[in-house]
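Structure in structure tokens, see below.
The values are calculated or read from the model by the stated rules, or taken from the named source; none is laboratory data. As the structure is a prediction and not an experimental result, all values here were calculated from the model. Every residue, glycine among them, receives a Cβ derived from its backbone with ideal geometry; neighbour counts consider all protein chains shown.
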Amino acid sequence: MKQILCSLMLLSAVGLMAQKGRIDIQGHRGARGLYPENTIPAFIGAVKLGVNTLELDVVVTKDNQVLVSHDPYMNDGFCRQVDGKSLTGDMKKDYNIYTMTYAETQSYDCGQWGNEKFPDQQKLVAHKPLLADMIDSVEDYIRKNNLPKVKYNIEIKCAPAGDNIMHPLPEPFAKLVYEVVKKKGIQDHCNIQSFDVRCLQEIHKLDPKLPIAILIADANNFKKNLEQLGFTPYAYSPHYILVNKKLVKQCHAAGVKLIPWTVNDEKKMVKLKELGVDGVITDYPNKAIQLLR
């Protein structure tokens, strides 16, 4: 009996160690290197690959619908009219999503024309989906195929210069996003991230238990960035070139996960894991899964 108990304890310890060491592989904008970014095919494709987390961005339409899109406008690098006509004029002014209804956004195709920055990307007819519809599609696919749950890392695309021009003010923006998260019941397997601490603070007011990730693009020190945020986040997400041993130690000492963005180089992925990061955000989750698991 004693031997059995020891064996069970050993197996449990090994299991916990494996779980603790499991790196969070996040598909950036679904899997941008392989599928049209921030589209349902990209998210389903990333689920098929076996990502832990789907990273995505959200903006708001004129009729207050939360739309999955990195840019708050139609990007002429990969979007066109559905009839194939190229976009002309000023993207930010003439194709501002905040001035369009959701129905109007669906008159643009952002998939079948490809993206020259990602030559391996499949060319598919794809429109910018509602956050609610994207979650429904992913959850339905997971359920039908008996797959493990994935997390959603939802980035609020917000900045002071865009207030009431490209997006709502932080408070109503945060409320719109949180309403979808709550309605779809994904609070236990999602987090909200942003470069704009104002939006993160508003989400934190709405639900202090909802995990928050702060995105970092500059070399300001860890302590200063957390002081600006005003609370301890779930994750600290700097550009991967900012990651070093000191930052890893600072994050883990504070009980904060370190999940850098957006790393596509295979050698750098391995180096980041060796440094001790908790996850990576990548356009090529297929590469990360092969290398890091």
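Pull out all pairs, ordered by first then second residue, where Cβ-Cβ is under 6 Å, the residues are six or more apart or on different chains, the first lies in the stretch 129-148 and is over 19 Å from Y178 (Cα atoms), and the second is assigned to a helix (DSSP H, G or I).
Here the result reads Y141/I44, each pair linking the stretch 129-148 to a residue that is assigned to a helix (DSSP H, G or I).
Which members of the stretch 64-82 meet the condition of being over 16 Å from N164 (Cα atoms), in contact (Cβ under 8 Å) with a residue 40 or more places away in the chain and in a loop (DSSP other than H, G, I, E, B)?
Within the stretch 64-82, S69, H70, G77, F78 qualify.
Every residue in the stretch 217-254 that is in contact with a strand residue (DSSP E or B) (Cβ under 9 Å, 6 or more places away or on another chain) and basic (K, R), please.
none
Within the stretch 175-199, which residues are under 16 Å from Y152 (Cβ atoms) and among the aliphatic types (A, V, I, L, M)?
L176, V177, V180, V181, I186, I192
Okay, moving on. Kindly indicate whether R80 is within 25 Å of T282 (Cβ to Cβ) and modelled with pLDDT of 95 or more.
Against the criterion (within 25 Å of T282 (Cβ to Cβ) and modelled with pLDDT of 95 or more), R80 does not qualify.
Residues in the stretch 241-255: is at least one of a type outside the set (F, W, Y), surrounded by 14 or more Cβ atoms within 10 Å (Cβ to Cβ) and under 14 Å from N153 (Cβ atoms)?
no
Right, here's the next one. Being closer than 30 Å to D133 by Cα and in contact with a Phe, Trp or Tyr (Cβ under 7 Å, 6 or more places away or on another chain) is the requirement here; does I186 meet it?
Answer is yes for this residue.
Hey, another quick one. What are the pairs, 6+ residues apart or on separate chains, where a residue within the stretch 244-264 that is free of Cβ contacts under 8 Å to residues at least 40 places away in the same chain has its Cβ under 6 Å from a residue that is in a loop (DSSP other than H, G, I, E, B) and surrounded by fewer than 17 Cβ atoms within 10 Å (Cβ to Cβ)?
Listed by first residue and then by second, the contacts come to V248/G276.
Tell me, which helices (runs of 4 or more DSSP H) wholly within the stretch 120-235 include 2 or more residues that are of a type in the set (D, E)?
Where helices (runs of 4 or more DSSP H) fall fully within the stretch 120-235 and carry at least 2 residues being of a type in the set (D, E), they are 131-144, 170-184.
For D196, are the conditions met, namely being in contact with a Cys (Cβ under 6 Å, 6 or more places away or on another chain), touching a residue at least 12 places away in the same chain (Cβ under 8 Å) and of a type outside the set (A, V, I, L, M, F, W, C)?
In short, yes.
Taking the stretch 266-280, which residues are charged (D, E, K, R) and within 15 Å of Q290 (Cβ to Cβ)?
Selection gives E266, K267, K268, K273.
Would the stretch 30-46 turn up any residue that is closer than 18 Å to I192 by Cβ, assigned to a loop (DSSP other than H, G, I, E, B), modelled with pLDDT of 95 or more and among the small types (G, A, S)?
Checked against the condition, which is being closer than 18 Å to I192 by Cβ, assigned to a loop (DSSP other than H, G, I, E, B), modelled with pLDDT of 95 or more and among the small types (G, A, S), the stretch 30-46 yields at least one hit.
List the pairs whose first member sits in the stretch 93-105 and is at pLDDT 95 or above, whose second member is aliphatic (A, V, I, L, M) and part of a helix (DSSP H, G or I), and whose Cβ atoms are under 7 Å apart, counting only residues at least 6 apart or on separate chains?
Listed by first residue and then by second, the contacts come to T105/I97.
While we're here: Taking I259 as the residue in question, decide whether it is within 14 Å of A217 (Cα to Cα), loosely packed, with under 13 Cβ neighbours inside 10 Å and modelled with pLDDT of 95 or more.
When the stated conditions are applied, I259 does not pass them.
Among the residues in the stretch 180-200, are any buried (at least 21 other Cβ atoms within 10 Å of the Cβ), closer than 21 Å to D63 by Cα and modelled with pLDDT of 95 or more?
The answer is yes, given that some residue of the stretch 180-200 is buried (at least 21 other Cβ atoms within 10 Å of the Cβ), closer than 21 Å to D63 by Cα and modelled with pLDDT of 95 or more.
Yes or no: L54 farther than 21 Å from M166 by Cβ and surrounded by fewer than 24 Cβ atoms within 10 Å (Cβ to Cβ)?
So L54 does not fit the description; no.
If I ask for residues that are surrounded by 12 or more Cβ atoms within 10 Å (Cβ to Cβ) and either touching a Ser or Thr at 6+ places or on another chain (Cβ under 8 Å) or in contact (Cβ under 8 Å) with a residue 12 or more places away in the chain (or both), which ones from the stretch 206-227 would you list?
If the condition is that a residue be surrounded by 12 or more Cβ atoms within 10 Å (Cβ to Cβ) and either touching a Ser or Thr at 6+ places or on another chain (Cβ under 8 Å) or in contact (Cβ under 8 Å) with a residue 12 or more places away in the chain (or both), then L206, D207, L210, P211, I212, A213, I214, L215, I216, F222, L226 are the ones that fit.
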